[in-house]
């Protein structure tokens, strides 16, 4: 019930916006924020009521209603340790990004806010779907509001970025659609069905070779979303053009649709194929970590730097998900940490994009050379920027460290070579993020910033909302691991079982 | 009465409260960070040192209780940090002689430096006081550093050590770059009478220096992290007690294999952890950040870049002593790197004209000594030198800061001279600290250095040779700096006239540290030597740390013959005195000698002044290629190759689309509709008779 509510509330909000007077922007702002806030409040009990004791049926708050009975398509929703925190992250970031748009968006506020709300529904839909058909619907639906947000409220090259975003993702999804239809048709071996638990329970019936093919089709779609090297070039373009809130949601949750779906769909549906594709995915992930960091190092545009840092950070997540030893044994530590790292990246990168937006609203430029030495002018902003940078660079005490360190440790236990290369990513990360800090905050004051004003109470509030969870996760990650672990354990054992079958 | 004491000790109150040692400075940092600007600098100046002092008191209590339970280690566990599968990492603290030694040094010296800084960070002008613009921020970072450093030394597993390890690096970054809006600082060339002047590279800006420190340290951290991963993968635990007892059970075996030329997993762990130590403790090849770290305020140099943080590598090795004892091959490498660093840095210190940089290279050099000590297995000697070095080097840095404060931030010794008359307390304490650094007989530095040299001689006379030559250079460059700064005629009359002795908040810590620098040797009197002349005074440090150092096998403890001990003792004592005499002759009696020497050995002199051009080398070999690679990737691969393919295929499709332009009107909803229709067709195909070919199944 709670989950359905999470889907419906933003839609109600979006529809009700239609009836508000267009001129009253403040009312629209408040109205949209109220709905996202309510949705955030609704999502909180998911954590507090979550039953983390292991039981046979893995999904909590589940609801299964026949949707198209003749086709065995269900409205089946539910969550587990993989999705819980991503849902919280989504409701949280939605509220934040709506709030952060108050001062940034001035045209067609109504449409903008409606799209933000619809986007929230679509993303939550992906995270709670336990039916392949339902999932695909939300997956594609999430694309449209974001493309429109970039295309309408974006920067100078917004149309190019928007089209690029669509074509990349659509191209990726096309194969997945075909593969999904194959899986659906196969069903439980007798009847076609799109119910995920049923499909997973019968996945052993599909031959290994077939699984390899289908896995590839799914993973291609997901990898574009992540984005995994070399499928990432849509991301810098999209980020640079997107409005601040768009970037927050894009980096914060849309990218996680990819990695989440890898764990929710690709691995459980095709466990026999994981060992085959793992070396390639691990290699690309490690390349992404180093490549993203190196490219981030030489960007002139702050947003591009953060975008490339996302390529590196998401590389860590993919690495954590897919690393395995020669016998095909996964690392549960790396997997749990990868789930956590999705949340971490959402917080730290979301915060960085928000802070870049704060500067952009004041100076209308993201060029490093336009800044320099502004910490004296904006001490509060500077402090938050440094904290966000520390979170992003994986400094202990903050969230990023937990995920990165445990992913690397888990990786090392399975594939030391991959861990060796990936660990060098932390040097490059320090280099590019501190370069950004230095170019913006330090040095003699660039006179162009003489009139720069420090953050408003609203902006300080948003920054605190970002940074406090970062510290909480940094100090007490086990509150999250307690819930994440059973799900990753399931995944690991699924693969173990599949490996047994394969080796026979 | 004694019964009462016993019951107090039995309760282990302070031990169980040990987390407060960290929490108090952390609370101070939070308070000053959030309210510091509003409450005014006087409040900040009281809160920050008070927190460190309270931590010091608790540390004293903990140390006392540790002593009372004969050095037995005690665990204080707070909460579970992470538990995934077989991995379980608690947040827990280890109270034992080693951690308590570090806690007392950190909070004790730290407290003195906090007090000093309350005045150092204030400028006095004609009776008016102007606190630094970011006074509160300074003490926020300083308190945060103390808390982080305490996490490093109190943590009872390698993860917590790594957490502290990274956090002190971050604090160091923030504090080096404290005056973040300052630019690079050009330096005048060094003039040589009758010779060609030697150009001096500009000093890196504080912001750039901080960043350099962080990034170079992270290179070391990669090694450290990989070491931690390897520990976990091999032994399944990161907890000290579990891990060390597991290693101890087969330490003999590891040791034997390593001695037979095998590179065991323990050797690998030792090597990886040592790479971390090279970064944090500024050893070859990762020492390059430390001299530039002098861009930070001087109390920072004293606290972080001399007394505490840079010794983390020594602490790590002493803590992991069983690992290093089981890996004699890596231990030898540690000793070699230490010896070479000690020598190499000392040669650079001979010719530097920046008082703080002389001290910085001296720190690199003295850390090299400590590594030499722990490398040859003299863990106690290494810790002993760590403690005495904290006293005398903090004293010297604070003295240099006192001079800077008096001269309006001038730190170039070419502009000093004769300052002793103006600043008697600073001069006196600087002399005392200098004597300890120079290893003048019976000072603290003399005993600790002598012990290292004696232990090294036992291990390898060759290493001892490097050590003793370095000791001579150390005494020389120390007193070169002292004589140039405090004696002779003022070389910049205007500055000289301006100079004045500092206030009590500055001179009191100087005196306390100076006294410790002289008498700190009592912590480790040379027991074998004294025994030889019929006096039985134990080596306090050795007894205290004994429970921490694990013995591998039952090797005969064979001391050097008394006569050798005595000879070494006399040689190093004599050398210290002689080198001071030489410096006196060079810089007081006949100042033309160093000038002539610089002229006749011009290339070598220029090489030393320019620090062997190592920074330039690293820039050419590492930094620039990395940036070139980055640019190539960004332009070549991302924008040209990948996007070329993507945009190319998009263009191709667009061309195709022109044929279908009736269907295409630019609205995304149409695309969505088209997709949807396509899906329907596909679905329909499969259900209305369409079937997959058989090979699919």
In the set A:228, A:235, A:213, which member is within 14 Å of chain B (Cβ to nearest Cβ) and surrounded by fewer than 22 Cβ atoms within 10 Å (Cβ to Cβ)?
-> A:213
Checked against (1) within 12 Å of another protein chain (Cβ to nearest Cβ); (2) under 20 Å from the mean Cα position of the chain (by Cα), residue A:223 satisfies every condition except (1)
Mind listing just one residue for me: the one in region A:448-467 that is within 13 Å of another protein chain (Cβ to nearest Cβ) and not in a loop (DSSP other than H, G, I, E, B) and, of those, nearest to residue A:378 (Cα to Cα)?
-> A:449
Can you tell me which of A:322, A:316, A:354 is away from every other protein chain (no Cβ under 11 Å) and under 13 Å from residue A:251 (Cα atoms)?
-> A:354
Qualifying positions in region A:271-285 - away from chain B (no Cβ under 14 Å) and either under 20 Å from the mean Cα position of the chain (by Cα) or closer than 22 Å to residue A:82 by Cβ (or both) | A:271, A:272, A:273, A:274, A:275, A:277, A:278, A:281, A:282, A:285
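To keep it simple, each residue is scored yes or no on (1) within 12 Å of chain B (Cβ to nearest Cβ); (2) modelled with pLDDT of 95 or more; (3) under 25 Å from residue B:226 (Cα atoms).
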{"position": "A:331", "(1), (2), (3)": "yes, no, yes"}
{"position": "A:336", "(1), (2), (3)": "yes, yes, yes"}
{"position": "A:365", "(1), (2), (3)": "no, no, no"}
{"position": "A:368", "(1), (2), (3)": "no, no, no"}
{"position": "A:426", "(1), (2), (3)": "yes, no, yes"}
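Listed here are the residues, each with its yes/no results for (1) assigned to a helix (DSSP H, G or I); (2) out of contact with any strand residue (DSSP E or B) (no Cβ under 6 Å at 6 or more places or on another chain); (3) away from chain A (no Cβ under 14 Å); (4) surrounded by fewer than 23 Cβ atoms within 10 Å (Cβ to Cβ).
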| residue | (1), (2), (3), (4) |
| --- | --- |
| B:233 | yes, yes, no, yes |
| B:245 | yes, yes, yes, yes |
| B:248 | yes, yes, yes, yes |
| B:252 | yes, yes, yes, yes |
| B:283 | no, yes, yes, no |
| B:294 | yes, yes, yes, no |
| B:303 | yes, yes, yes, no |
| B:311 | yes, yes, yes, no |
For region B:508-527, does any single residue satisfy the condition of being free of Cβ contacts under 8 Å to residues at least 12 places away in the same chain, assigned to a helix (DSSP H, G or I) and either touching a strand residue (DSSP E or B) at 6+ places or on another chain (Cβ under 9 Å) or over 30 Å from residue B:428 (Cα atoms) (or both)?
-> no
May I ask you to say which residue of A:403, A:443, A:373, A:397 is closer than 24 Å to residue A:481 by Cα and at the interface with another protein chain (Cβ under 8 Å from one of its Cβ atoms)?
-> A:397
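Matching residues to (1) in contact with a strand residue (DSSP E or B) (Cβ under 9 Å, 6 or more places away or on another chain); (2) within 29 Å of residue A:264 (Cβ to Cβ); (3) exposed (fewer than 14 other Cβ atoms within 10 Å of the Cβ):
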position	(1), (2), (3)
A:441	no, no, no
A:450	no, no, yes
A:455	no, no, no
A:464	no, no, yes
A:468	no, yes, yes
A:501	no, yes, yes
So, of the residues in region B:172-195 that are more than 10 Å from chain A (Cβ to nearest Cβ) and surrounded by 24 or more Cβ atoms within 10 Å (Cβ to Cβ), which turns out to be farthest from residue B:279 (Cα to Cα)?
-> B:175
Quick one: how many residues across region A:174-191 are more than 9 Å from chain B (Cβ to nearest Cβ), assigned to a helix (DSSP H, G or I) and either buried (at least 20 other Cβ atoms within 10 Å of the Cβ) or in contact (Cβ under 8 Å) with a residue 60 or more places away in the chain (or both)?
-> 4
State whether one or more residues within region B:433-450 are in a helix (DSSP H, G or I) and surrounded by fewer than 22 Cβ atoms within 10 Å (Cβ to Cβ).
-> no
Which residues, taken from region B:144-171, are facing another protein chain (nearest Cβ under 8 Å) and over 16 Å from the mean Cα position of the chain (by Cα)?
-> B:159
Among the candidates A:311, A:240, which residue alone is under 22 Å from the mean Cα position of the chain (by Cα), more than 27 Å from residue A:128 (Cα to Cα), part of a helix (DSSP H, G or I) and within 14 Å of chain B (Cβ to nearest Cβ)?
-> A:240
Among the residues listed as B:106, B:22, B:58, the single one being within 14 Å of chain A (Cβ to nearest Cβ) and in a helix (DSSP H, G or I) | B:22
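The values are calculated or read from the model by the stated rules, or taken from the named source; none is laboratory data. Here the structure is a predicted model, which means the values were calculated and not measured. Cβ atoms come from the backbone with ideal geometry, glycine included; neighbour counts cover every protein chain shown.
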